[in-house]
Amino acid sequence: MTAFVIAIVITIIAAWLIIKNFQPQTVLLLAGLSLLTITAVFYPDNSILYGKAKSTGSTWLDIFTFAKNSLSTQIAGIGWIIMAAGGFASYMDHIKASNAMVNVCIRPLQIIKAPYVILAVGYICAQLLHVAISSAAGLAMMLLVTFFPVLVRLGVSKAAAAAMIGLCAFMDLGPAVGTANLAAKHAGMEAAVYFAHYQMPVAVAVMLVVSVLIFFTAKYYDKKDGHVMTSQVADDTTPQSEDSEKVPGLYAFLPVFPVILVLVFSPLVISTIKIDVVTAMIVGTILAFVCELFVKRDFRACCKGVQVFFKGMGGMFTSVVSLLVCADIYAQGMQKIGAVDYLLEMVQNAGFGFASMTVVMTLLVGITAVLTGSGVAAFFSFFGMAPAIATKFGESAVHMILPMQLMAGMGRSISPVAGIIIAVSKAGECSPFMIVRRTLIPALGGMLTMLLANYLLF
C-alpha cells in the first residue's frame, strides 16, 4: 500500500509538471529514477536491474546503469524504426513527394458538388494519407496548403475545414507510425500484421462513424455561427506552389513505397521474404534519391538532399526516442516498486475484469493526451504496463495495447494545446477552443466506436 501511494504521488507530480509545460523527457526520467531510488532504499528485496542485466556491485550505480540499459535497448529496437521513419518523412517533404501524393488524392474530390460530403470524404482520405505521412503536424500543414482553400471555395466555412484537418491524424495508423510500431513490438507481432489484422478492422468502423459525424457537426455549427455557403469553385483549381508544380506525378508513389514493401513482404502476402520497416525506409530513400537524380541531373545537390534524411533521424531521436526511453524508465520504476502489481490486485479484488481494465488504461491515455497535447507522450507513459496487466489476466497484450495506441491520437484531436489544433485554428481564424468544439462530437463518437469494435472483433 505504501509503495503504491508513493508511486501515485510521484505520478501526480510528474503529470502536473508536464501539464505546466515542463520538458516531459526530463520529468519522466526524474520520476523513474526517483521510483528506482525509493525501491533500492526502502524495498531492497525488489530487484532494480533492467531485464537480465547483472549488477555493477553498487546499488546506486545500478540505478544509472538501468537508465543506460534502457537507452541501449530502445535505440537498438523500436528507436531505429522511429528514427528511420522520421528521416524518410523529412526527405519526402524535402523533395515535395508528400505534396504530390496529397494533390493526387485530393484532386478527385473536387468533382463532387456537395461541400459537406467532400468534407466528410476528405477526412477519410486524410486519415488514409496518414498511413504514409507519419507526422500529424506535417500532414495537417500540407492539407492546409492544398485542400483547405478548395473546401473554403466550395462554400464550407474556414472553421469547419480547419476542424476536419485537425482530425486528419485522428488515429495513428500504419507501419510508419512510431506508436504503432511500439504497440506491435510489445504485442509480440510484426508491424504489418498489427496494421492489417488489428488496426484496420477497427479503423474502418471508426472512419465511417467520424466522417458521418463530421458532416452533421460541420453543418450544425456553420448554421449556428451564421455562415452563408457560397461556392467559388468555378475558377478554382487545387492551389499549388511553384515548387510543387515542378514535381513529377510519379513522386506521389514514393511516400507509400515503404508501406507497400512492408505489407507485401510479410506473412500477409509473401511469407518467404521478410523486410522490416527500417530496411523498407532505406530502400524507399534510395529509390527517391535515384528519382531525384534523374529529374534534377545534379549529383551534388541530390547528395546534399539526402542529408535531410539523417537530420530527420536526429530530430526524431531528440523529440520521440528520448521520450520513449524516459517513459520506459518511468514505467519500469512503477513496476519495480510494486505499484503495478498492487493496482492489479486492487482491481481484481474490486471485480474489474480485463475489459474494464482495458477501458481504464485507454481512458488514462486519452486524458493525458488531452492535457498534454501529445499523443506520443500519453501512449509512451502507460504502454509499458499493458503487457504485464494482460499477462496477469491471461489475455493477449494486443487487445489492451490497440485501444491505448489509437486513443493517443484521438485525445490529441480534442486538446486545445496540441500543436496540430493550434496550427489549424490559425487557418480557421478562430481559437483552438473553437476548433475543439467542432472536433469533440466526431472524436467522442470515434472513441466509443473504437472501444466497441475492439471488444466485439477481438
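Computed from the coordinates by the stated procedures, all read-outs in this text should not be read as laboratory data. Source: prediction; values computed, not measured. So basically every Cβ, Gly included, is an ideal-geometry build from the backbone, and we count neighbours across all protein chains shown.
Brief remarks follow.
- Packing-based order for 28-40, 271-283, 164-176, using average beta carbon neighbours within 10 Å, highest first: 164-176, 28-40, 271-283
- Over all other residues within a Cβ to Cβ distance under 11 Å of ALA53, the charged ones net out to +2, with Lys and Arg as +1 and Asp and Glu as -1.
- Here's the picture: charge each Lys and Arg Cβ at +1 and each Asp and Glu Cβ at -1 in the stretch 306-458, and of ALA423, SER396, PHE383 the one pushed furthest to the positive end of that dipole is ALA423.
- Inter-part distance where the stretch 357-388 and the stretch 316-337 are each reduced to a Cα centre, Å: 13 Å
- Helical contribution to [θ] at 222 nm, DSSP H n ≥ 4, -39,500 (n - 2.57), averaged over the chain, rounded to 500: -22500 deg cm²/dmol
- Each of ALA120, ILE63, PHE354 was scored by the projection of its Cα onto the charge dipole of the chain, and the greatest displacement toward the positive side belongs to ALA120; charges sit on the C-beta of Lys, Arg, Asp and Glu.
- Cα-based shape type of the stretch 36-101, given that a ≥ b ≥ c are square roots of the gyration tensor eigenvalues and the cut on a/c is 1.5: prolate
- Of VAL424, VAL204, the sequence from fewest to most neighbouring Cβ atoms within 10 angstrom is VAL204, VAL424.
- In summary, the lysines within cross-link reach of LYS113, defined as a Cα separation below 22 angstrom excluding same-chain residues under 8 places away, comprise LYS158, LYS219, LYS223.
- Ranked packing of 329-335, 53-59, most packed first, by mean Cβ within 10 Å: 329-335, 53-59
- Principal-axis tilt of helix 339-349 within the chain, Cα atoms, nearest 10 degrees: 90 degrees
- Taking the centroid of alpha carbons for each part, the stretch 248-276 and the stretch 45-73 are 39 Å apart.
- Here the chain is treated with +1 on each Lys and Arg Cβ and -1 on each Asp and Glu Cβ, and its dipole about the Cα centre works out to around 460 debye.
- Electrostatic bookkeeping for PRO115 treats Lys and Arg as +1 and Asp and Glu as -1; over the other residues with beta carbon under 11 Å from its beta carbon, the sum is +2.
- Mean Cβ count within 10 Å, highest first, over the residues of peptides 259-270, 90-101: 90-101, 259-270
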